[in-house]
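Enquirer: Take this structure first; my questions come after.
Values in this text are rule-based calculations from the coordinates and carry no lab data. Please read these numbers as outputs of a predicted model, since none were measured by experiment. Here the Cβ is made from the backbone with ideal geometry for all residues, glycine too, and neighbour counts use every protein chain on show.
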Amino acid sequence: MVDLGAAIRASRLYLENHLEELFASEQFILGEQCAVFERDFAKRMGAPHAVGVGSGTAALELCLRAADIIRPDQQVITSALTSPFTAQAIRNAGAKPVFADIDPDRLLIDPQDVTNRMTSSAAAIVPVHLYGQACDLVQLRRIARNAGLVIVQDACQAHGATFRGQPLAHFSPLIAYSFYPTKNLGCLGDGGAVVTRSVRLAAKVRMLRDGGRSSGQVSRMAGINSRLDEIQACFLRAFLRKLTQWNSSRARLAALYDEALAGCDAVQPVRRSPESANHLYVIRTSRRESLRAHLAEHRIASAVHYPVPLHLHPAFSDCGLKPGALPNAERACREVLSLPLWPYLSESSVLRVAECIRRFFTFRFHSNLRK
């Protein structure tokens, strides 16, 4: 699905320089590499502050903790179509996840269903910018303001995405990012960050990530241990220089997929906005599993993001929702298929994948006619 080798080679000089600086400093936790990356990443995301943490999951948890969403009587509404780590982060913070259905067209959380799921216990909304494109932040912000809720954005797949020409930081005080290796901006291990416009929230997240300490060995509040490693900050500093170029390549390749699959009525590419970061290129088809097998026979990787909506995971069975409760998310989970996409993927590879898909459905069509 992703080849990281080309990205590493393209950034090698900067990687080596940053690693030399790190080894010379002998400061391997919360040192200069992390501090410089935080400054540069915040600027790139359109905000004054970023706090590096151990993972995207930890970033979400710390956002909620910083917003005082920490009690089991506080409900946090999020999408049913996302990684389970979104809901695990809500649980880790101490709150209760509540799942809403999605827009059947773009597969993003449905603001109307968010309103339907709200109770007097609702405390926050976690919109997930799935596959690299932003949810309707204007409508969600209006809902949150009217109900007195906090918005914490899950931008773990949306590095560099914007909404209505504005950076994501324009729409809420707290945003969580992941630097898992396959992300638009990834490190070579686990990593994450909280982005905020608030001096107070940035300071609080810095304390929370370091056991509730601000300096010395005294904990001022209940915190966790989740700090971005200096060595991962070295990689991220090098890769951040390429993010704009890499996102442009993703957009170009996604558009090529669109063109190459046009007219193949058996597949429907998930609709994207022009402001998408194009983290994944996702199609929908009712014959997903047989198509996956066909692609594998031709040595083409594929993946499913995600096969089961969160309300049907055993870990979240206490949410009280049964099969059929969120029909758009459930249908999407049966149909979505992610195709290979990364910045250095060749155009010929995109065309080969598309042609393999077209041949699969052409063969199926003619086989059905013969029957």
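Enquirer: Across the range 156-161, in residue order, what do the Karplus-derived ³J(HN,Hα) couplings come to in whole Hz, using 6.51 cos²θ - 1.76 cosθ + 1.60 with θ = phi - 60° and x for Gly and Pro?
Expert: Coupling constants for the range 156-161: 5, 10, 10, 5, x, 5 Hz.
Enquirer: Binning every alpha carbon pair distance of the chain at 10 Å from zero, what are the percents per bin?
Expert: The distribution over the chain is 5, 24, 31, 24, 12, 3, 1, 0, given as percents.
Enquirer: Per DSSP H run of at least 4 residues, take -39500 (n - 2.57); add these up for the chain, divide by its residues and hand me the 222 nm value, nearest 500 deg cm²/dmol.
Expert: Helix-only estimate at 222 nm: -13000 deg cm²/dmol.
Enquirer: Let me ask another. If you stretched the chain out fully between Ser25 and Ser290, how much longer would it get, using 0.36 nm times the residue separation minus the C-alpha to C-alpha distance?
Expert: Taking Ser25 through Ser290 to full extension adds about 90.0 nm, to one decimal.
Enquirer: Ok, one more. Filter the cross-link list Lys43/Lys242; Lys43/Lys96; Lys43/Lys204 down to pairs whose alpha-carbon distance in this structure exceeds 26 Å.
Expert: Distance filter (> 26 Å) returns Lys43/Lys96.
Enquirer: Could you state the angle between the C-alpha long axis of helix 32-44 and the longest principal axis of the C-alpha atoms of the chain, as a value from 0 to 90 degrees rounded to the nearest 10?
Expert: 60
Enquirer: If you restrict to DSSP beta bridges whose two residues both lie in the chain, what percentage is antiparallel, to the nearest 5?
Expert: 60
Enquirer: Something else about it: Return the FRET efficiency for the residue pair Val138, Gln245: r is the Cβ-Cβ distance, R0 is 30 Å, and the value is rounded to the nearest 0.05.
Expert: Calculated transfer efficiency: 0.55.
Enquirer: Then there's this: Using a 10 angstrom cutoff on alpha carbons, build the Gaussian network for the chain and name the most mobile of Leu13, Leu240, Leu137.
Expert: Comparing Leu13, Leu240, Leu137 in the GNM, the peak value goes to Leu13.
Enquirer: Then there is this: Between Leu256 and Glu355, what length comes free when the chain is fully extended (0.36 nm per residue of separation minus the Cα-Cα distance, one decimal in nm)?
Expert: Additional length available on full extension: 34.4 nm.
Enquirer: Report, in debye and to the nearest 20, how large the dipole of the chain comes out about its Cα centre when Lys and Arg carry +1 and Asp and Glu carry -1 on their Cβ.
Expert: 540
Enquirer: In a shell of Cβ-Cβ distance under 13 Å around His18, excluding His18 itself, what net charge do Lys and Arg (+1) and Asp and Glu (-1) give?
Expert: My count for the surroundings of His18 gives -4.
Enquirer: Taking loop as defined by DSSP and a crowding limit of 11 other beta carbons within 10 Å, which GluC sites (Glu not before Pro) in the range 1-109 fit?
Expert: Glu26
Enquirer: Compute the separation of the alpha-carbon centres of the range 118-180 and the range 262-337 and state it in Å as a whole number.
Expert: Each part reduced to its Cα centre gives a spacing of 22 Å.
Enquirer: Output needed: percent of Cα pairs per 10 Å distance bin for the range 207-350, bins running from 0 to the one holding the longest distance.
Expert: 10, 25, 25, 24, 13, 3, 0
Enquirer: Another question about this same structure. What residue among Cys135, Thr86, Leu341 has its Cα farthest toward the positive end of the dipole of the chain, where the charges are +1 on Lys, Arg and -1 on Asp, Glu, each on the Cβ?
Expert: Working it through, the farthest residue towards the positive pole turns out to be Cys135.
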